[in-house]
Amino acid sequence: MSLFKKKSKIKFKKFESSIEASEYVAIEVLNEVKKGKKINLGLATGSTPILLYNALVSDYEETRTPWKNVSTYNLDEYLNLPEGHPQTYKEFMKKHLFSHIDINLDNTHFPKVNENYDSLIQLNGGIDIQILGIGTNGHIGFNEPGSLLKSITRVVDLTQETIDVNAKQFFAGNKDLVPKQAISMGLESILNAKKIYLLAFGYSKNEAMEKLYHAEKFDVNFPASALLQHNDVTVVFDNGTELDI
């Protein structure tokens, strides 16, 4: 692992593999979970965090670390998919994490239309640790280019680039099956978290990582640059991402 700290306070940590990077973040999360105190986790979906969730599940299988004091708040959810559809993020989280640990499903939350998600989070103490991925166009959550720094949880239109990527990864390549809208925590919502970990793996994230590494201020056309506004962000990435630090 190599480490470089920027003046922006974003910390970049490079690992030999995505597994090592994911295990590092898992340990950081578990260090807080194992204290047994109430903790709120902000969670992401997509292919990137699956290895992280695998590591959390493995720990539970080995140690039975209790998750009963943990509440989770997912970044986003597709619109217009029926309840129980395998590609909803609620089902994704059940498949990869929730069904394998002893978390109370009543404490797992997803943004909904006509619900003030930001107020719900703040009412319950705010997010202690937020997990993020990054899109090839720099989106975090479903905050696509053009998202405002002060944006909060809202309905968003997905870009064609995001639809194309998600079709390939989760909808057997059929772009027509991918919802065109989602509800997503905004950039301000994300920045309200106390600590943030962003994971980026593989060659496809090279351009986004280069932009983030060299960013000096918020750029509305590159949403991940909002992280420059936060005081405790760690970016973990692997050798497949050719960012040289």
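The values are calculated or read from the model by the stated rules, or taken from the named source; none is laboratory data. Fair warning: this is a prediction, and the values are worked out from it, not measured in the lab. All Cβ positions, glycine included, derive from the backbone under ideal geometry; neighbour counts span all protein chains shown. Please note that ligands, DNA and RNA were not included when accessible areas were found on the heavy atoms of the full protein model with its side chains. Shrake-Rupley method; radii C 1.70, N 1.55, O 1.52, S 1.80 Å.
Name the strands (runs of 3 or more DSSP E) wholly inside region 181-245 in which the number of residues that are surrounded by 23 or more Cβ atoms within 10 Å (Cβ to Cβ) and modelled with pLDDT of 95 or more is 3 or more.
Filter on region 181-245 gives 195-200, 233-238.
Among the candidates E28, E77, single out the residue that is assigned to a strand (DSSP E or B), within 21 Å of I190 (Cβ to Cβ) and open to solvent by less than 60 Å² (accessible area, probe 1.4 Å).
E77
Would you pick out the residues in region 31-58 that are part of a strand (DSSP E or B), within 16 Å of the chain's Cα centre (by Cα) and hydrophobic (A, V, I, L, M, F, W, C)?
Within region 31-58, L41, L43 meet the criteria.
Is it the case that some residue within region 57-69 is open to solvent by less than 10 Å² (accessible area, probe 1.4 Å), within 24 Å of L187 (Cβ to Cβ) and modelled with pLDDT of 95 or more?
no
Report yes if S71 is farther than 26 Å from K211 by Cα, assigned to a strand (DSSP E or B) and not basic (K, R), otherwise no.
Answer is yes for this residue.
Is it the case that region 57-67 has a residue that's closer than 27 Å to M209 by Cα and touching a helix residue (DSSP H, G or I) at 6+ places or on another chain (Cβ under 7 Å)?
Checked region 57-67: no residue is closer than 27 Å to M209 by Cα and touching a helix residue (DSSP H, G or I) at 6+ places or on another chain (Cβ under 7 Å).
Checking G135 against (1) at negative phi; (2) in a loop (DSSP other than H, G, I, E, B); (3) open to solvent by 50 Å² or more (accessible area, probe 1.4 Å), which test does it fail?
Unmet for G135, out of (1) at negative phi; (2) in a loop (DSSP other than H, G, I, E, B); (3) open to solvent by 50 Å² or more (accessible area, probe 1.4 Å): (3).
Would you please list the contacts, defined by Cβ atoms under 6 Å and residues six or more apart or on different chains, that run from a residue in region 20-35 that is among the acidic types (D, E) to a residue that is surrounded by fewer than 22 Cβ atoms within 10 Å (Cβ to Cβ)?
Final answer for the pair search is E23/A55; E32/I39.
Which one of these does F92 not meet: (1) in contact with a Ser or Thr (Cβ under 8 Å, 6 or more places away or on another chain); (2) open to solvent by 10 Å² or more (accessible area, probe 1.4 Å); (3) not in a helix (DSSP H, G or I)?
Of (1) in contact with a Ser or Thr (Cβ under 8 Å, 6 or more places away or on another chain); (2) open to solvent by 10 Å² or more (accessible area, probe 1.4 Å); (3) not in a helix (DSSP H, G or I), only one is false for F92: (3).
Any residue in region 57-71 that's within 15 Å of E23 (Cβ to Cβ) and free of Cβ contacts under 8 Å to residues at least 60 places away in the same chain: show its pairings with residues that are open to solvent by 50 Å² or more (accessible area, probe 1.4 Å) and part of a helix (DSSP H, G or I) at Cβ separation under 6 Å, as long as the two are six or more apart or on different chains.
These pairs meet every condition: V57/H100.
With the requirement that a residue be touching a Leu at 6+ places or on another chain (Cβ under 9 Å) and open to solvent by 50 Å² or more (accessible area, probe 1.4 Å), what does region 152-169 give you?
I152, V155
For region 158-190, name all the residues that are β-branched (V, I, T) and more than 14 Å from T136 (Cα to Cα).
Matches in region 158-190: V178, I183, I190.
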